């Protein structure tokens, strides 16, 4: 049993660092976007939840890859930062292509939110795959 738990400290360090990076990403994303997603979600706006959920998933996919492939916590922090930058850049490009994106999500137009979520997840999957090399 003790040999099974020998890697518990590493697990806790990487898991805790992953949660910290996730909290930083969500904070930055909420600050970066023109929407007030949490307020909209509390008011029952499904589109805001879908869009934010897609962004979180789009970040967590490469973060999981970074956790699996990093050689140290510093390496994880660097690649977590890269994943964060990629996700924020993806939002910026989508917003430039679809200027009406924030207004559509605020008006709870689910189709636009699904598109935004799919774009985030797609970019996240590509980033996760690219991080494995």
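The values are calculated or read from the model by the stated rules, or taken from the named source; none is laboratory data. Just so it is clear, the structure is predicted and the values come from calculations on it, not from any experiment. Ideal geometry is used to build each Cβ from the backbone, glycine not excepted, and the neighbour counts take in all protein chains shown.
What the table below lists for this structure:
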item	result
Residue that is surrounded by fewer than 19 Cβ atoms within 10 Å (Cβ to Cβ) and at positive phi, where the choices are 75, 108	108
Any hit, segment 22-31, residues being assigned to a helix (DSSP H, G or I), under 15 Å from residue 127 (Cα atoms), touching a helix residue (DSSP H, G or I) at 6+ places or on another chain (Cβ under 8 Å) and modelled with pLDDT of 95 or more	no
Leading residue by the ranking (farthest from residue 92 (Cα to Cα)) among those in segment 38-71 that are part of a loop (DSSP other than H, G, I, E, B) and in contact with a helix residue (DSSP H, G or I) (Cβ under 9 Å, 6 or more places away or on another chain)	70
Condition met for residue 50 (surrounded by 16 or more Cβ atoms within 10 Å (Cβ to Cβ) and within 30 Å of residue 9 (Cα to Cα))	no
Hey, residue 35 in contact (Cβ under 8 Å) with a residue 40 or more places away in the chain, under 21 Å from residue 121 (Cα atoms), part of a loop (DSSP other than H, G, I, E, B) and in contact with a helix residue (DSSP H, G or I) (Cβ under 8 Å, 6 or more places away or on another chain) or not	yes
Qualifying residue in segment 83-105 (condition: more than 14 Å from the chain's Cα centre (by Cα), surrounded by 21 or more Cβ atoms within 10 Å (Cβ to Cβ) and not in a loop (DSSP other than H, G, I, E, B))	yes
Residue match in segment 7-17 (condition: farther than 18 Å from residue 125 by Cβ, part of a loop (DSSP other than H, G, I, E, B) and modelled with pLDDT of 95 or more)	no
